[in-house]
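What follows is a short report on a single structure.
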Amino acid sequence: MGKKQESPTQKVNQPAYRVSICHDRKKDKFFLLEEALEKADFWEIIQKAWKSSKLAQKKFLILIKPDLNMFDINSTTGTDPELVEHLIDLLCQKGFSNIMVADSPGDADLWLENRDVLILADLLGYKFETPGQQPYDIVNLIENLIDGVFPKGDPLFGEEISEHWVKANFTINFAKNKSDEANLFSLCLNNLIHVLPLRAKTYHYQHRLDPGEVATSLLTHISADFNIIDAFISNHGSQGSRHSRPLETRTMIAGNHVLLCDWVGALKMGLDPYASNIHGAALKKSGLPENYQIKGDLNVYQGWEKISPFLRDSVLKRNSIPAIQKLSQPWLQDVNTEYFPFKQVYDEQINGIITPLIKDIDDHPVAHWMMIAINYLLVSISKAQKAWQVMYNKDQLYRKEVGLGVDLEKFSDEDFEAVENYVRPFIQILQHTEPDRNGIKWRYIDESVLFEFSKILPVPYEDFIEKVEISQAVQMMYDNIGGLVVPVKKNQKGRVIHQAERDIYLPQPNWMILFDGKFIDVGKIECLKYKPDQREIWWRTVQSQNDSADFDDGMVQFAKDPGGTKITIIARQKFALPTFWKVVNMDFFPEVKDALVSDAYLRFFSRTMANYEAVWEGRKSAIGKTFDETYGENGVAGLPLEVEQLKTLLSMFSGVAKKWFQRNNKNSSIEEVGLDEHGYRHFGPPSTENDSVRSFFNDLTNAIQKDFRLLSGSSNQDS
């Protein structure tokens with residue numbers, strides 16, 4: 001009997017996306033890699049891509065992106081070089097010989113030597129020729145940059161990408177299977193982020209830009225064609241990206257969809273794929289493909305150690321502060337300094353003190369809870385500083401750079417034009433509302449606040465509208481800390497008549513920051529009207545990325561008036577309240593609530609009017625400072641003020657700790673032996689024997705205090 005043939009229906013319904021999981025305790029890593037590729041239909045996928053390119057096979061360019069985030073030879077925090085070279089041999093055996101290995105420098109290049117891609121690859125064991133004698137090139141993804149990859153309105157708009165990646169005919173994302181203290185797991189998506197060229201990746205792609213939006217943009221525009229996860233020897237535990245803690249999982253995962261591979265990888269770790277902030281955002285935005293197949297066992301790896309929820313929470317809060325995260329990277333990273341020396345002496349000194357204490361936090365509860373306590377201490381100090389800035393020193397806040405976040409394809413011209421009719425009923429209600437004691441017309445409707453505020457500026461109307469663009473009227477409002485405006489349609493005179501906008505404001509009123517009040521983040525569609533003696537912008541909120549607003553709809557009108565220019569603002573707003581104010585229901589105290597609402601809106605819109613006047617006068621109206629887009633790219637230390645403040649803080653903390661231990665252990669002392677030729681201070685043993693724990697911490701705090709005294713310049717010795 002002949003082989004049964006597939007029906008046409010079966011071929012049509014064949015899954016477009018596949019992930020294979022290959023595990024065998026008796027097979028070596030090379031066999032498992034080959035098996036994973038076969039089961040994921042890798043060879044069919046690459047053959048199809050080659051034939052579609054219509055290129056000669058020897059010109060078909062394949063680019064492999066491994067994880068080079070390693071800080072020692074044979075470390076388990078990055079992709080095994082032998083597996084990468086074996087993959088190259090397999091490709092060459094199939095006739096594909098035009099192959100490159102590529103990566104870009106990361107944060108460590110800012111504070112360690114020998115992190116250039118070519119040097120790093122050489123130190124880690126890449127031979128530039130495979131065991132099968134196939135030569136291959138290693139390229140740096142910060143070279144040959146080209147623009148135009150990301151469209152306007154995308155969070156990465158204007159970001160350049162290496163031509164090596166963009167013009168490769170087939171890209172392979174070869175990630176490492178490892179845990180991560182902040183995101184719980186670090187797999188294909190995290191490795192893909194390193195395609196972006198800027199070295200200070202944490203700073204740019206987690207602070208300057210929203211990491212979830214960055215991930216979504218990458219998946220949409222420059223995703224890999226195929227993905228492999230090296231899980232033969234995995235790296236698990238609380239610090240999977242920083243310290244080698246190997247676990248023999250003897251598994252290979254392969255597939256042609258980034259999120260689907262990471263989905264499988266997370267499940268194998270016993271984790272919720274949505275629990276990662278980056279992956280959760282990408283999954284909610286893009287989702288898994290509709291037509292996919294998973295081949296293999298999804299059982300959790302035996303012996304896999306997860307990060308504790310307390311530690312992860314403290315890490316997330318610590319990492320939300322750019323200055324603290326910048327300092328913590330070199331101080332907490334386990335590094336073989338024989339191959340990767342520190343660029344700064346003080347980084348090496350502090351790293352030498354801290355890493356031995358936290359290296360085994362999974363095994364030692366005291367070290368585990370000490371790390372959590374330090375994280376929360378730094379967070380508490382930073383939160384207090386941020387609250388002060390929100391309320392009293394706004395120019396020290398960083399402005400938010402975001403993508404539009406609004407899917408413009410969902411909205412037609414009729415939707416934009418309908419915004420005016422949506423808002424007009426509010427105007428009718430306000431016409432029959434009496435002004436309050438502050439002269440503001442306002443009232444409640446459906447648990448939101450409806451208000452009107454007007455002011456006449458003694459400025460000629462024609463002069464005012466020439467300098468103050470109506471399309472930017474919402475962006476100019478007080479406490480705007482970032483956002484983006486995207487024109488959608490213009491009239492015959494070139495004026496914008498339809499646009500979409502995303503605005504981010506400080507918590508309202510500002511003192512809500514003391515109760516963990518959210519920054520207000522709203523996406524809007526807008527319609528603009530131009531008349532001889534007035535201009536208007538009408539807007540309607542269509543989404544709030546952080547669920548901070550149910551309503552933020554309204555209009556701004558610039559109109560000619562005998563007294564100059566009359567500005568009228570009408571809006572309906574309902575913002576999310578912090579938990580405390582949900583519990584303390586102010587509806588039971590109407591007089592107090594009304595006074596708070598009226599005073600808050602009077603303050604907000606009086607200052608908004610001042611912003612319009614400032615723009616007319618040519619002065620700055622925006623609050624906050626922008627992230628330095630050249631940060632770290634030319635060896636600049638960056639964030640000098642915050643770093644110096646933190647050094648001072650840690651110095652004070654070490655001094656207080658020392659006094660406490662001295663008071664509880666008066667007989668313990670430490671003597672300085674001297675300063676060696678490399679700038680290291682050496683200390684002798686305690687003069688008397690006493691409790692070992694107290695003696696250790698007394699000596700440690702003494703050493704830290706001396707080091708920071710040296711850094712602050714109070715010592716005559718030059719470090």
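A single member of 177, 169, 183 is touching a helix residue (DSSP H, G or I) at 6+ places or on another chain (Cβ under 8 Å), closer than 22 Å to residue 101 by Cβ and open to solvent by 10 Å² or more (accessible area, probe 1.4 Å), and it is 169. In the set 49, 36, 16, 56, only one residue is in contact with a Cys (Cβ under 9 Å, 6 or more places away or on another chain) and small (Gly, Ala, Ser); that residue is 36.
Answer yes or no as to whether residue 328 is among the hydroxyl-bearing types (Ser, Thr, Tyr), in contact with a helix residue (DSSP H, G or I) (Cβ under 8 Å, 6 or more places away or on another chain) and crowded, with 16+ Cβ neighbours inside 10 Å. Considered against the rule, which asks whether it is among the hydroxyl-bearing types (Ser, Thr, Tyr), in contact with a helix residue (DSSP H, G or I) (Cβ under 8 Å, 6 or more places away or on another chain) and crowded, with 16+ Cβ neighbours inside 10 Å, residue 328 comes out as yes.
Considered as a group, the residues in the stretch 289-309 that are over 22 Å from residue 239 (Cβ atoms) and of a type in the set (Asp, Glu) include one that is least open to solvent (accessible area, probe 1.4 Å), and that residue is 297.
Entry remark, the stretch 393-422: residues being open to solvent by 60 Å² or more (accessible area, probe 1.4 Å), farther than 16 Å from residue 212 by Cα and part of a strand (DSSP E or B) number 0 in total. Of all residues in the stretch 331-361, exactly one satisfies the criterion of being among the acidic types (Asp, Glu) and crowded, with 20+ Cβ neighbours inside 10 Å, namely 348.
Based on what the data block shows, is residue 286 under 17 Å from the mean Cα position of the chain (by Cα) and either closer than 30 Å to residue 18 by Cα or open to solvent by less than 70 Å² (accessible area, probe 1.4 Å) (or both)? No; evaluated as a whole, the condition is false for this residue.
Selection within the stretch 331-377: residues that are in contact with a Lys or Arg (Cβ under 8 Å, 6 or more places away or on another chain) and outside any helix (DSSP H, G or I). The member of this set that is farthest from residue 235 (Cα to Cα) is 340. Sort through 465, 440, 513, 520 and tell me the only one that's open to solvent by 20 Å² or more (accessible area, probe 1.4 Å), within 16 Å of residue 600 (Cα to Cα) and of a type in the set (Val, Ile, Thr). Only one candidate passes the filter, namely 513. Every test in (1) open to solvent by less than 30 Å² (accessible area, probe 1.4 Å); (2) within 27 Å of residue 236 (Cα to Cα); (3) not in a helix (DSSP H, G or I) is passed by residue 96 save one, and that test is (2). Restricting attention to the stretch 114-147, the residues that are at positive phi and in contact with a strand residue (DSSP E or B) (Cβ under 9 Å, 6 or more places away or on another chain) add up to 2.
Taking the criterion of being in contact with a helix residue (DSSP H, G or I) (Cβ under 8 Å, 6 or more places away or on another chain), open to solvent by 50 Å² or more (accessible area, probe 1.4 Å), among the charged types (D, E, K, R) and closer than 20 Å to residue 343 by Cα, the only residue of the stretch 102-147 that qualifies is 116. Restricting attention to the stretch 581-603, the residues being open to solvent by 50 Å² or more (accessible area, probe 1.4 Å), touching a residue at least 12 places away in the same chain (Cβ under 8 Å) and in contact with a helix residue (DSSP H, G or I) (Cβ under 8 Å, 6 or more places away or on another chain) number 1. You will find that of 89, 109, the residue that is assigned to a helix (DSSP H, G or I) and either touching a residue at least 60 places away in the same chain (Cβ under 8 Å) or in contact with a strand residue (DSSP E or B) (Cβ under 7 Å, 6 or more places away or on another chain) (or both) is 109 and no other. For the criterion of being surrounded by fewer than 21 Cβ atoms within 10 Å (Cβ to Cβ), touching a residue at least 12 places away in the same chain (Cβ under 8 Å) and of a type outside the set (Ser, Thr, Tyr), residue 266 passes.
Restricting attention to the stretch 269-282 and to residues that are over 23 Å from residue 22 (Cα atoms) and small (Gly, Ala, Ser), the residue that is surrounded by the fewest Cβ atoms within 10 Å (Cβ to Cβ) turns out to be 275. For residue 75, the conditions (1) open to solvent by less than 30 Å² (accessible area, probe 1.4 Å); (2) not in a loop (DSSP other than H, G, I, E, B) all hold with the exception of (2). For residue 568, the stated conditions do not hold, so it cannot be described as closer than 20 Å to residue 518 by Cβ, out of contact with any Gly (no Cβ under 6 Å at 6 or more places or on another chain) and among the β-branched types (Val, Ile, Thr). A count restricted to the stretch 32-70 and to residues that are open to solvent by less than 40 Å² (accessible area, probe 1.4 Å) and part of a loop (DSSP other than H, G, I, E, B) stands at 7.
The residues in the stretch 547-580 that are more than 20 Å from residue 452 (Cα to Cα) and open to solvent by less than 50 Å² (accessible area, probe 1.4 Å) can be counted, and the count is 3. For the structure I just gave you, tell me whether residue 606 is of a type in the set (Ser, Thr, Tyr) and either part of a strand (DSSP E or B) or open to solvent by 10 Å² or more (accessible area, probe 1.4 Å) (or both). For residue 606, the condition - of a type in the set (Ser, Thr, Tyr) and either part of a strand (DSSP E or B) or open to solvent by 10 Å² or more (accessible area, probe 1.4 Å) (or both) - is met. Take residue 619 and tell me if it is open to solvent by 80 Å² or more (accessible area, probe 1.4 Å) and under 19 Å from residue 520 (Cα atoms). Judged against the criteria, residue 619 is not a match. One residue stands out among those in the stretch 550-572 that are out of contact with any helix residue (DSSP H, G or I) (no Cβ under 9 Å at 6 or more places or on another chain) and in a strand (DSSP E or B): the one that is farthest from residue 615 (Cα to Cα), which is 550. Pairs are defined by a Cβ separation below 7 Å, a sequence spacing of at least 6 or placement on different chains, a first member in the stretch 300-311 that is touching a residue at least 40 places away in the same chain (Cβ under 8 Å), and a second member that is in a loop (DSSP other than H, G, I, E, B) and surrounded by fewer than 16 Cβ atoms within 10 Å (Cβ to Cβ); the pairs so defined are 304/270; 306/270.
The values are calculated or read from the model by the stated rules, or taken from the named source; none is laboratory data. This structure is a prediction, so every number in the text was calculated from the model and none was measured. Every residue, glycine among them, receives a Cβ derived from its backbone with ideal geometry; neighbour counts consider all protein chains shown. These accessible areas exclude ligands, DNA and RNA; they are computed on the full protein's heavy atoms, side chains included. Shrake-Rupley method; radii C 1.70, N 1.55, O 1.52, S 1.80 Å.
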